[in-house]
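I have placed the structure first, in the form of structure tokens, so that the comments after it can refer back to it.
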Amino acid sequence: MKQLLIINGDLEKTDATNHLIEAYRKGAESAGAIVKEVAIVDLIFNFNKQFNNRVNELEPDLKRALDMITWSNHVVLFCPVYLSSIPARIKGFFDRLFMPDQVFLSRSQNISNNFSGRSARIISILDKETFEYWKQDKKVTYLSIKRTVFENCRFHPVHTNTMGQLYALDNDYSKKWLRKLESFGAKIM
């Protein structure tokens, strides 16, 4: 049975992001997946890396999030992008969880970074200005998470999607994305 973790990176928990998440969840549950969700904004943790790459004790919320990532077969990150950058809290979430000595194999700790057999998807939701820039040069905004977190920890494959901000849920653009995400969820990809 597939175990799916949805990471909600929307710091405002907007209705649009919630509808996208629910479409993915609906598809995954229809395929028999067990779905858990974590919202980064609800977690209490210091999202600033301190002392370079020295490991700090994880806060209880981060420990639970890491346990959920370890539990899952597939991770889906819904990641809003504002002014061409992901919010610092999202970046900090991954920086704190995937510090080299936190999950990577090291001499001092025997914690494996081998998440092989797991897959991931990053769904970037761009604000209007960033989406206009993206349409011109297709510059991706999620590479810091895709490459240095998921791929470095052997998640494979790591799928990505980029969409513009959804202002209403009843237009053709929004409906298209809701159908796509439900389909991706049903395929658990």
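The values are calculated or read from the model by the stated rules, or taken from the named source; none is laboratory data. Keep in mind that this is a model prediction, so the values were computed, not measured. Neighbour counts run over all protein chains shown; Cβ positions are idealised from the backbone, glycine included.
Numbers for the structure displayed
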{"read-out": "Cβ-Cβ under 9 Å pairs, at least 6 apart or on other chains, region 5-28 side on the phi > 0 side of the Ramachandran plot, far side crowded, with 16+ Cβ neighbours inside 10 Å", "value": "K13/A39"}
{"read-out": "Condition met for T141 (at pLDDT below 85, assigned to a helix (DSSP H, G or I) and among the polar types (S, T, N, Q))", "value": "no"}
{"read-out": "Candidates S116, S112 - the one that is of a type in the set (S, T, N, Q), farther than 25 Å from D42 by Cβ and either modelled with pLDDT of 70 or more or part of a helix (DSSP H, G or I) (or both)", "value": "S116"}
{"read-out": "Contacts under 6 angstrom Cβ, first residue in region 84-95 being under 8 Å from G9 (Cβ atoms) and touching a residue at least 40 places away in the same chain (Cβ under 8 Å), partner among the small types (G, A, S) and surrounded by fewer than 20 Cβ atoms within 10 Å (Cβ to Cβ), 6 or more apart", "value": "none"}
{"read-out": "Subset of region 158-188 (residues that are in contact with a helix residue (DSSP H, G or I) (Cβ under 9 Å, 6 or more places away or on another chain) and either at positive phi or assigned to a loop (DSSP other than H, G, I, E, B) (or both))", "value": "Q165, L166, Y167, A168, L169, I188"}
{"read-out": "Test result for V149, out of contact with any strand residue (DSSP E or B) (no Cβ under 8 Å at 6 or more places or on another chain), at pLDDT 70 or above, under 23 Å from N46 (Cα atoms) and surrounded by 14 or more Cβ atoms within 10 Å (Cβ to Cβ)", "value": "yes"}
{"read-out": "Residues of region 39-90 satisfying the condition of being in a loop (DSSP other than H, G, I, E, B), of a type in the set (F, W, Y) and either modelled with pLDDT of 95 or more or surrounded by 15 or more Cβ atoms within 10 Å (Cβ to Cβ) (or both)", "value": "F45, F47"}
{"read-out": "Out of K176, K135, K180, sole residue that is surrounded by fewer than 19 Cβ atoms within 10 Å (Cβ to Cβ) and modelled with pLDDT under 90", "value": "K135"}
{"read-out": "Top-ranked residue of region 17-38 - restricted to ones that are crowded, with 19+ Cβ neighbours inside 10 Å and among the small types (G, A, S), ranked as farthest from P80 (Cα to Cα)", "value": "A33"}
